[in-house]
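Structure first, then comments.
The values are calculated or read from the model by the stated rules, or taken from the named source; none is laboratory data. Just so you know, these numbers come straight off a predicted model, no measurement behind them. Neighbour counts are summed over all protein chains in view; Cβ atoms, including those assigned to glycine, are modelled from backbone coordinates with ideal geometry. Surface accessibility is based on the protein's heavy atoms, side chains included, excluding ligands, DNA and RNA. Shrake-Rupley method; radii C 1.70, N 1.55, O 1.52, S 1.80 Å.
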Amino acid sequence: MYKNLAGRAVLAWVTACFLSPAFSQTPASKEPLKIGFVYVTPVTDAGWVRQHEEGRKAVDAALGAKVKTTFVENVAEGADAERVIRDLAQQGNKLIFTPSFGYMEPTLKVARDFPDVKFESITGYKQTPNVATANARYYEGRYLAGIAAGRMTKTNVAGYVAGFPIPEVLQGINAFTLGMRSVNPNAKVVVVWLNEWFDPPKERDAAMALFNQNADVVAFHTGSTAVMAAAQERGKLAIAYHSDMRKIAPDAQIVAVTHQWGGYYTQRAKAVLDGTWKSGNLWGGVKEGMIRVGDFGTKVPKAVQQEVLARQQDIAAGKLQPFRAVAADVRDNEGHVVIAKGAQLNDEQILKMNWLVEGVQGRVTR
């Protein structure tokens, strides 16, 4: 039920923010709208790309013969991405989704040469008249996952396998730690940086190293299921990210932070069909149905599940903000006050985050 309500919420939200009152005035073309998707890794059973592939399938299911979608997988960021995006535009795709931060500049470059094509730069932040941007507030789900981890850990040590020290990843680490310490003040989080988004052997090795450092639960911000498989192998606990990963780690998964792209992708395709597409920027989270926490593992007590779901509803209602200092100052792990008591970070501050919160063992390369 929650998922269905969330789906309706994101459709309504996107409609309000992106669509003009002239919706449906332009007749739909008899030819299907060709839509291209570019994926940074292979399409696997779970993970970042899997969730975008589910979004593509949702477009097909919702719009049927009105659209013809295609995707190109395992496209490296940089020159390869520009070539693939350009090829999709030349092949007649009039809407192209490029869901990876490193695709932003290639997308902008191609968009200048194809002004009649609409581009959606997912996780990008630069807009033009034919390039829109969208992202999700992943950190909201991370905070909720931290609550679950704080309740489930026995060693008070969590590991975190991280790709790159960019603001999006730092937001997740910090929110996870704040959530964990909100219910378990003694908890700490140990971070391992990979400087890779998708390298299953390195992801697995990092998880194993963290388990050897007394971590009994691990989270990650990388692209494969390797960390989950490592936790299952070692008899430890883990937070699934992007997708539900209970098929890979049926005993290890505590909870999953899942990304829901189908509603947004479908509405944007409808806008192109009806001639009402506009460039803009969306940063949606739990409230908009773009982030969801659930899919609890069998080891998680009902009381913990209920607590996490209650806090999820609080975020949706605006009653809980992960980066708000309620009872005391929030400090970084070097002792500096980063959120004063009673204050809350605004979006600009969150988007520029370059610090690690107290309780995290690790450093940010500046």
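Answer yes if at least one residue in region 142-151 is open to solvent by 10 Å² or more (accessible area, probe 1.4 Å) and closer than 18 Å to LYS236 by Cα, and no otherwise.
Checked region 142-151: at least one residue is open to solvent by 10 Å² or more (accessible area, probe 1.4 Å) and closer than 18 Å to LYS236 by Cα.
Please pick out the residue among ASN186, ASN214, ASN195 that is in contact with a Ser or Thr (Cβ under 6 Å, 6 or more places away or on another chain) and outside any helix (DSSP H, G or I).
ASN214
Looking at MET228, MET245 in this structure, which one is in a loop (DSSP other than H, G, I, E, B) and either within 23 Å of ALA175 (Cα to Cα) or touching a strand residue (DSSP E or B) at 6+ places or on another chain (Cβ under 6 Å) (or both)?
When all the criteria are applied, what remains is MET245.
Does GLU168 qualify as being over 19 Å from ILE248 (Cα atoms), touching a residue at least 24 places away in the same chain (Cβ under 8 Å) and either out of contact with any Phe, Trp or Tyr (no Cβ under 9 Å at 6 or more places or on another chain) or acidic (Asp, Glu) (or both)?
Yes: the conditions hold for GLU168.
When region 177-199 is examined, which residues are found to be under 24 Å from GLY102 (Cα atoms) and either touching a strand residue (DSSP E or B) at 6+ places or on another chain (Cβ under 8 Å) or open to solvent by 50 Å² or more (accessible area, probe 1.4 Å) (or both)?
Residues satisfying the conditions are VAL191, VAL192, TRP193, LEU194, ASN195, GLU196, TRP197, PHE198.
Six or more apart or on different chains, Cβ under 6 Å: which pairs go from a residue in region 313-340 that's within 26 Å of GLU288 (Cα to Cα) to one that's assigned to a loop (DSSP other than H, G, I, E, B) and of a type outside the set (A, V, I, L, M)? Could you list them?
ALA316/LYS287; ALA325/LYS341
Only one of these conditions is not met by GLY262: (1) within 20 Å of the chain's Cα centre (by Cα); (2) free of Cβ contacts under 8 Å to residues at least 40 places away in the same chain. Which number is it?
The one condition GLY262 does not meet is (2).
Among the residues of region 330-349, is any touching a helix residue (DSSP H, G or I) at 6+ places or on another chain (Cβ under 9 Å), open to solvent by 70 Å² or more (accessible area, probe 1.4 Å), not charged (D, E, K, R) and not in a strand (DSSP E or B)?
No, region 330-349 contains no residue that is touching a helix residue (DSSP H, G or I) at 6+ places or on another chain (Cβ under 9 Å), open to solvent by 70 Å² or more (accessible area, probe 1.4 Å), not charged (D, E, K, R) and not in a strand (DSSP E or B).
Has region 159-167 got at least one residue that is modelled with pLDDT of 95 or more, surrounded by 17 or more Cβ atoms within 10 Å (Cβ to Cβ) and either more than 26 Å from ARG363 (Cα to Cα) or basic (Lys, Arg) (or both)?
No: region 159-167 contains no residue that is modelled with pLDDT of 95 or more, surrounded by 17 or more Cβ atoms within 10 Å (Cβ to Cβ) and either more than 26 Å from ARG363 (Cα to Cα) or basic (Lys, Arg) (or both).
Condition first: open to solvent by 30 Å² or more (accessible area, probe 1.4 Å) and outside any loop (DSSP other than H, G, I, E, B). Now tell me which residues in region 273-282 satisfy that.
Residue satisfying the conditions is ASN281 alone.
Among the residues that make up region 219-227, is at least one of them under 16 Å from ALA145 (Cα atoms), aliphatic (A, V, I, L, M), touching a residue at least 12 places away in the same chain (Cβ under 8 Å) and crowded, with 23+ Cβ neighbours inside 10 Å?
Yes, region 219-227 contains a residue that is under 16 Å from ALA145 (Cα atoms), aliphatic (A, V, I, L, M), touching a residue at least 12 places away in the same chain (Cβ under 8 Å) and crowded, with 23+ Cβ neighbours inside 10 Å.
Taking VAL257 and the conditions (1) surrounded by 22 or more Cβ atoms within 10 Å (Cβ to Cβ); (2) more than 13 Å from the chain's Cα centre (by Cα); (3) modelled with pLDDT of 95 or more, which numbered condition does it fall short on, given that it satisfies the others?
Single failed check for VAL257: (2).
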